[in-house]
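Data first, discussion second: the structure below is written as structure tokens.
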Amino acid sequence: MTSVAEKLQSKAKRPVGTKQVRLKLVYVDFWSAVKLSFLISVAIGIITVVATFLVYTILARLGIFSTIDSLLQEVLGDQKFTLQDTLSIGQVMLFAVVVAVLNIIIGIVLGAIAAVLYNLSVRITGGLLVGFTNN
């Protein structure tokens, strides 16, 4: 006769099969969607500001602005015109921050609208069927 410990040990040695579960997503919480869209929008806004700074710095270091300045001075006939005076780093970064803030606001609104539309469409379609496994 086998003991309980031996039975448990033999069960532990058997490979466990993967179990698949199919679930329906029938509701998206509104505030969760708004918070997630806010975080994603803030991350994209930070990336926008940093990328703008890096591109401006690289263009300035490579001398692209001075090349464009000489071309514009010839075309306009104004020897005092410089592109970096017109588009200084402060003005470019201020514009990037304004664009980032507008993108954050638009991202939050779009996330909220998507959650509301999904919750309304679930009444018609019954939800989104999602499969999971326990690997």
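The values are calculated or read from the model by the stated rules, or taken from the named source; none is laboratory data. Treat the numbers as computed from the prediction; the structure is a model and nothing was measured. Positions of Cβ are generated from backbone atoms using ideal geometry, with glycine treated the same way; all protein chains shown enter the neighbour counts. Side chains are part of the model used for accessible areas, which takes the heavy atoms of the whole protein and leaves out ligands, DNA and RNA. Shrake-Rupley method; radii C 1.70, N 1.55, O 1.52, S 1.80 Å.
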With VAL122, VAL116, VAL42 as the choices, which residue is assigned to a helix (DSSP H, G or I), in contact (Cβ under 8 Å) with a residue 60 or more places away in the chain and more than 24 Å from the chain's Cα centre (by Cα)? VAL122
Could you list all residues from segment 87-102 that are more than 30 Å from SER37 (Cα to Cα) and open to solvent by less than 70 Å² (accessible area, probe 1.4 Å)? SER88
Residue identified as within 30 Å of THR82 (Cβ to Cβ) and loosely packed, with under 11 Cβ neighbours inside 10 Å among ILE64, ILE47, ILE68, ILE58: ILE58
Pairing a residue in segment 69-92 that is free of Cβ contacts under 8 Å to residues at least 40 places away in the same chain with any residue that is among the β-branched types (Val, Ile, Thr) and assigned to a loop (DSSP other than H, G, I, E, B), where Cβ atoms lie under 7 Å and the two sit 6 or more apart in sequence or on different chains, gives ASP69/THR82
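Taking LEU25 as the residue in question, decide whether it is of a type in the set (A, V, I, L, M, F, W, C), at pLDDT 95 or above and open to solvent by 50 Å² or more (accessible area, probe 1.4 Å).
Taking the combined requirement at face value, the residue does not satisfy it.
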Looking at LYS80, LYS35, LYS7, which is the one that is open to solvent by 50 Å² or more (accessible area, probe 1.4 Å), part of a helix (DSSP H, G or I) and at pLDDT below 90? LYS7
Condition broken by SER121, with the remaining ones in (1) farther than 30 Å from LYS24 by Cα; (2) of a type in the set (S, T, N, Q); (3) open to solvent by less than 50 Å² (accessible area, probe 1.4 Å) satisfied: (1)
